Amino acid sequence: MKREHIRSPSTPAPAHGVSKDVDGLAAQLGEMARSLRAQPTVEETLTAAVQTALTLIPHATEASISMVRARRRVESRAASGELPRRVDEIQNRTGQGPCMDAALRKRIVRVPDMSQESRWPKFAHRARDAGARSILAIPLFVDGDNLGALNLYGAGTGDFGAEYEQIGVLVATHAAVALADAKEIRDLNDALASRDLIGQAKGILMERYKLSAQQAFVLLTTASTTTNSKLVDIAEELTLTGHLARPVPPEDRKATGT
């Protein structure tokens, strides 16, 4: 049996190559998931998610991902143009707006017509003057106090109906999974790089002062504590310059048995 069409008869014809049925949409989302997972960095993953949203969601002419830092500062990431950046800056100045609400309250926020919007009085007229007509903001992910939203901007009013909202949620869900993977990979790479640096620094100290691995690690952590620096930064300085952030005095050598 043929699947029901994803849009109602009154809905405008799909734009940007959006699929015309559920099977087609599923195929596009599967391709999107593979594409997002293939991105090597978080920034490239964010950019891919924004471009995919523009491709799949009709009438979306601009898009971005807004990060809300410490639950109050909005930061535009992977913005497709200047409009999303301007809107996020207005949200920063006024402390209100749809992207902020979507991220903080973890709910979908739809703005059919910015000129008729009354939920954010300080924000709405400024956003309208900046060129915003209609907005769909979808909560994206939560990472501690850092929250996110996928934002879609339409050139006209009433551009985002309920069926497009559903597509946006699917895109945001796939993007959130890919972002979590990208962050995990980045953290793992950082951890491996840090381990390698610390290992190299220990090797330098072991060779230079004839220390054991444990004694060399004690010197690194002592330098880290006394200079109020990260252990990996101390290790990096030693491997690059050949010097610790703090000279190794005779008493330290004696304490380590050298």
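Computed from the coordinates by the stated procedures, all read-outs in this text should not be read as laboratory data. As the structure is a prediction and not an experimental result, all values here were calculated from the model. Neighbour counts run over all protein chains shown; Cβ positions are idealised from the backbone, glycine included.
How much FRET efficiency would the formula 1/(1 + (r/R0)^6) give for GLU163 and LYS106, where r is the Cβ-Cβ distance and R0 is 22 Å, rounded to 0.05?
Values: r = 22 Å, r/R0 = 0.99.
The value I calculate is 0.50.
If you stretched the chain out fully between LYS122 and GLU75, how much longer would it get, using 0.36 nm times the residue separation minus the C-alpha to C-alpha distance? Could you put the intermediate results ahead of the total?
Details: separation 47, 0.36 × 47 = 16.92 nm, distance 1.87 nm.
Difference between extended and current length: 15.0 nm.
Please arrange HIS174, HIS243 by how many other C-beta atoms lie within 10 Å of their C-beta, fewest to most. Display every interim value, and only then the final one.
Numbers: HIS174 20, HIS243 11.
Placing the least packed residue first, the sequence is HIS243, HIS174.
Kindly identify segment 55-95 as rounded, prolate or oblate by the Cα gyration tensor criterion: order the square roots of the eigenvalues as a ≥ b ≥ c, call it rounded if a/c is under 1.5, otherwise compare a/b with b/c, prolate if a/b is larger, else oblate. Intermediate results must be reported in sequence, preceding the final value.
Numbers: a/c = 2.65, a/b = 1.97, b/c = 1.35.
Prolate shape, in that a/c is at least 1.5 and a/b is the bigger ratio.
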